[in-house]
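What follows draws every value from the coordinates through simple rules; no lab data is involved. Fair warning: this is a prediction, and the values are worked out from it, not measured in the lab. Using ideal geometry, Cβ is built from the backbone for each residue, glycine included, and neighbour counts are taken over all protein chains shown.
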Amino acid sequence: MNIIVFDLETQNLFEDVGGRSNIGLLKVSCAVTWSSVRNDFTLYWEKDVPALVAELKTAGRVIGFNVKGFDYEVLRPYVPEERLQFLPTLDIMDDLFHTLSFRVSLDSVARATLGDSKSASGLQAVEWWRLGELDKLAEYCKVDVDVTRRIYEFGCKNGFVQYFTRLGSKQKVKVNWKC
């Protein structure tokens with residue numbers, strides 16, 4: 001089975017498009033996938049969205065962090081005929097929310113589980129887009145995909161991941177992810 005880990009960055013912030021209800025106006029700046037079949041990353045720019053969606057549709061499972069609530073919604077205006085919500089998807093943030101009843105950040109899970117952190121933020125990614133610093137943008141997106149992949153693999157192997165609470169304590173949460 002081809003497992004595809006996926007993340008995208010946007011050209012705009014919510015404040016630029018009138019709020020969260022206009023998520024489809026954020027527009028894709030770049031996206032990165034990692035494929036278990038290729039054991040490699042692929043970079044996509046806005047013009048490449050059809051190829052990105054085609055790759056996602058080949059996945060036995062798509063793995064992401066807030067991919068259902070964010071990434072798929074950003075992609076929707078580009079491919080309105082596609083039913084992205086029906087792709088076989090493990091949204092790590094969504095899965096943890098169902099267990100914990102609150103949201104945790106990718107950085108919190110990465111730091112607690114892997115001892116690693118994100119390299120920047122979504123705000124910085126939009127700034128790099130606006131400044132034309134596309135190499136930095138692409139590398140940031142790739143790092144997020146790699147961190148997400150390693151969290152997924154850790155959870156599959158160990159049956160749990162960890163996160164830091166807002167007060168700084170490390171907590172363990174059981175997961176039932178199949179690799």
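Picking from residues in region 90-138 that are more than 21 Å from residue 178 (Cα to Cα) and among the acidic types (Asp, Glu), the one that is nearest to the chain's Cα centre (by Cα) is 107. Is at least one residue of region 32-40 over 17 Å from residue 145 (Cβ atoms) and out of contact with any Leu (no Cβ under 7 Å at 6 or more places or on another chain)? Within region 32-40 (the criterion being over 17 Å from residue 145 (Cβ atoms) and out of contact with any Leu (no Cβ under 7 Å at 6 or more places or on another chain)), the answer is no, since none of the residues qualifies. With the condition kept exactly as written, say whether any residue in region 77-90 is basic (Lys, Arg), over 25 Å from residue 174 (Cβ atoms) and part of a helix (DSSP H, G or I). Within region 77-90, not a single residue is basic (Lys, Arg), over 25 Å from residue 174 (Cβ atoms) and part of a helix (DSSP H, G or I). Checking every residue in region 120-130 against the condition of being over 23 Å from residue 14 (Cα atoms) and either surrounded by fewer than 18 Cβ atoms within 10 Å (Cβ to Cβ) or not β-branched (Val, Ile, Thr) (or both) gives zero matches.
Tell me whether region 163-177 contains one or more residues that are surrounded by fewer than 17 Cβ atoms within 10 Å (Cβ to Cβ), in a helix (DSSP H, G or I) and of a type outside the set (Val, Ile, Thr). Within region 163-177, not a single residue is surrounded by fewer than 17 Cβ atoms within 10 Å (Cβ to Cβ), in a helix (DSSP H, G or I) and of a type outside the set (Val, Ile, Thr). When restricted to residues that are in a loop (DSSP other than H, G, I, E, B) and within 16 Å of residue 148 (Cβ to Cβ), region 49-62 contains 1.
The combined condition, being of a type in the set (Val, Ile, Thr) and free of Cβ contacts under 8 Å to residues at least 12 places away in the same chain, is not fulfilled by residue 37. For region 1-48, which positions are among the polar types (S, T, N, Q) and either buried (at least 21 other Cβ atoms within 10 Å of the Cβ) or in a strand (DSSP E or B) (or both)? Selection gives 10, 29, 33, 35, 42.
Restrict the check to region 76-86 and report whether at least one residue is without any contact (Cβ under 8 Å) to a residue 40 or more places away in the chain, buried (at least 17 other Cβ atoms within 10 Å of the Cβ), aromatic (Phe, Trp, Tyr) and closer than 25 Å to residue 21 by Cα. No - not one qualifying residue is present in region 76-86. When 123, 100 are checked against the criterion of being closer than 29 Å to residue 16 by Cα and among the hydrophobic types (A, V, I, L, M, F, W, C), 123 stands alone in meeting it. Of the residues making up region 131-162, those that are charged (D, E, K, R), surrounded by 15 or more Cβ atoms within 10 Å (Cβ to Cβ) and in a helix (DSSP H, G or I) are 136, 139, 142, 144, 146, 149, 150, 153.
Scoring residue 96 on the criteria (1) assigned to a helix (DSSP H, G or I); (2) within 27 Å of residue 133 (Cβ to Cβ); (3) touching a residue at least 60 places away in the same chain (Cβ under 8 Å); (4) not hydroxyl-bearing (Ser, Thr, Tyr) leaves a single failure, condition (2). Among the residues examined, residue 73 does not qualify as in contact (Cβ under 8 Å) with a residue 12 or more places away in the chain, among the acidic types (Asp, Glu) and not in a helix (DSSP H, G or I).
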